[in-house]
Every structure is written in C-alpha cells, then in structure tokens.
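Working notes for the structure below.
The values are calculated or read from the model by the stated rules, or taken from the named source; none is laboratory data. All figures in this text were calculated on a predicted structure; none of them were measured in a lab. Here the Cβ positions follow ideal geometry from the backbone for every residue, glycine too, while neighbour counts run over all protein chains shown.
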Amino acid sequence: MAVHAGRKMAEFTLYIGNKCFSSWSLRPWLAMRHLEIPFEEGFVRLRTPETFANLAKVSPTGQVPVLNHNGKIVWETLAILEYLADLFPEKKLWPADIDARALARSAASEMHSGFREVRYGWPMNLRRPKGHKPLDAEGEAQRARIEALWRECREKYGRGGPFLFGHFTAADAMYAPVVTRFDTYGGTLGPDTR
C-alpha cells in the first residue's frame, strides 16, 4: 500500500484502487477533487497476493473506497459522498431543491445498485484502446435507461450548468465512470446527452 508522500498529513485519507480500473474508487476521488476538499490518497494495489492483507488494515469490508477522517472510517461510495455532503453543505454535493435532490439521490442509488450488464459488458478500463463493443440486449436496455435518466435530469434541472443538475453533484460523481465507458466502448449517445 502506498500513500502519496511529501505532503503534510491531511485531515482526510481516501483509500482507493487504481483509478483506471476501479470505478468505485474513482467516484469519491472525483468528488473530492472537483469540490477542492484536501485529502491524502492511499493507494491499495488490487489483485495481488498482498491485497487482502493491505485492505484489512484500512477497510472493514476488505474493499475500496474507504475514507479515513481523522480516524473515523467511512466505507462504500455512496456513504462517503453522503458523509462529505454533511460535512461540507456549502459544496452543494446534492441539489438544494428537494425535488431535484430526490431525483439526484434516486439516480445515484440506481447507479450504485443497478446497470450490472453495462458494468460487466463494458468494464472500466481507461487504458483500453477505444473501439466499438456492442452490449447484449439486456445491456443495451440498461444503456438506454442510463441515457433516459441523464436526459430527465438535464431537462428538469440541468439548465444552470454543464452537469446533470446544472452544478456538479454526487450524481455526476456516480455517473462519471459510466461516461468513460461510453467513450471507451463507443456507446452511442444522443446530442442532448453527450
């Protein structure tokens, strides 16, 4: 396990796997970077003989991501995003409007629990050469659902900026790795969801 050296110890340490392959790690990392929340990055090399032992040192589940906030441990992507939203309400990690917030939370939860065929059919790999890879019928239906959801968010609440709800939210962090999959595997998007 390697932690970036040469910096003063941060209040937050985010333990993650490789951002090129670990979409769950990438999500809170993107949120913290985008919102300019200072943190130390704890890198845990995955898929090695030492992985389990290294994860056991920092993660109660043996998985990443894990946020250590001055000794307080928060694990699971959505829990980390919710925790950050509570700590930094001024960062507006969720929309202020209750209806927009309900849709953002629903969309983020749907990403967390769903779209299995898209996630497995188009595994996250930022190093993969770009090229078209079709999804099976179920994966294609899920891809269409993702696009419809993005369209709904943008049409209802996205007029104030380039993100799903205008400004950057937890929903954007949850879907950013999916955007990379569309790019990597040549998934088609309409002009309104690009």
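Observations
- Arg154, sole failed condition from (1) without any contact (Cβ under 8 Å) to a residue 60 or more places away in the chain; (2) in contact with a helix residue (DSSP H, G or I) (Cβ under 6 Å, 6 or more places away or on another chain): (2)
- Scanning segment 100-116 for residues that are of a type outside the set (Lys, Arg) and touching a helix residue (DSSP H, G or I) at 6+ places or on another chain (Cβ under 8 Å) yields Ala100, Leu103, Ala104, Ala107, Ala108, Ser109, Glu110, Met111, His112, Gly114, Phe115.
- Residue in segment 96-108 that is farther than 23 Å from Val178 by Cα, surrounded by fewer than 17 Cβ atoms within 10 Å (Cβ to Cβ) and of a type in the set (A, V, I, L, M, F, W, C) present: yes
- Segment 132-186, residues that are in a loop (DSSP other than H, G, I, E, B) and surrounded by 22 or more Cβ atoms within 10 Å (Cβ to Cβ): Leu164, Thr169
- Some residue of segment 18-39 being charged (D, E, K, R), loosely packed, with under 12 Cβ neighbours inside 10 Å and at pLDDT 95 or above: yes
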